[in-house]
Amino acid sequence: MNDKVAHVLVVDDENTIRDLLKQLLELNNYRVTTASNGQEALEIYKTNRDNIDLVITDLGLPQLNGKKLGEKIKALNPDAKMIIATGFADQNDHSALMDIGFLYVVSKPFDIREMINTVERALEK
């Protein structure tokens, strides 16, 4: 990437995870916006899509789950970069999520270093 600070939209309904990811990303010099459900995230993305470089979303979200959120974001921007985190998906689910356009499926609980590496790889694509 160039010298621009990457802007990441973090979507998780669990305050602890959302806050942890926000702090982790900010410590690694990313700009972060957060949302606590899929509908809120979609509205944020619609308003700021030209400024959001990456979306990290949980699969199990209220109002609009992570899979549907990913589908709607890809409909708005086919080039959107997205990572989805889940504690529930099996390998078949992973393939379906990748088919939607998620670059990576991260299993929860995730390793902090692994998540930062995944974010860096996603932004390089």
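Computed from the coordinates by the stated procedures, all read-outs in this text should not be read as laboratory data. Nothing here was measured: the structure is a model prediction, and the numbers come from that model. Cβ sites come from the backbone with ideal geometry, for glycine too, and all protein chains shown count toward neighbours.
At a glance:
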read-out	value
Charge sum, other residues only, whose C-beta stays under 12 Å from GLY60's C-beta, Lys/Arg counted +1 and Asp/Glu -1	-2
Reachable lysines, given that their alpha-carbon falls under 24 Å from the alpha-carbon of LYS46 and they are not under 8 places away in the same chain	LYS4, LYS22, LYS67, LYS68, LYS72, LYS74, LYS81, LYS125
Spacing of the two label points (7 Å from each Cα toward its C-beta) at GLU120 and LEU27, in nm	1.5
Relative contact order, percent, the chain [alpha-carbon distance under 8 Å, six or more residues apart]	22
Computed [θ] at 222 nm, deg cm²/dmol, the chain (DSSP H ≥ 4; -39,500 (n - 2.57); rounded to nearest 500)	-14500 deg cm²/dmol
Distance between modelled label sites at ILE112 and ASP50, nm, 7 Å Cα→Cβ extension	3.6
Approximate shape of the chain as ellipsoid semi-axes (Cα gyration tensor, √5λ), whole Å, largest first	19, 17, 15
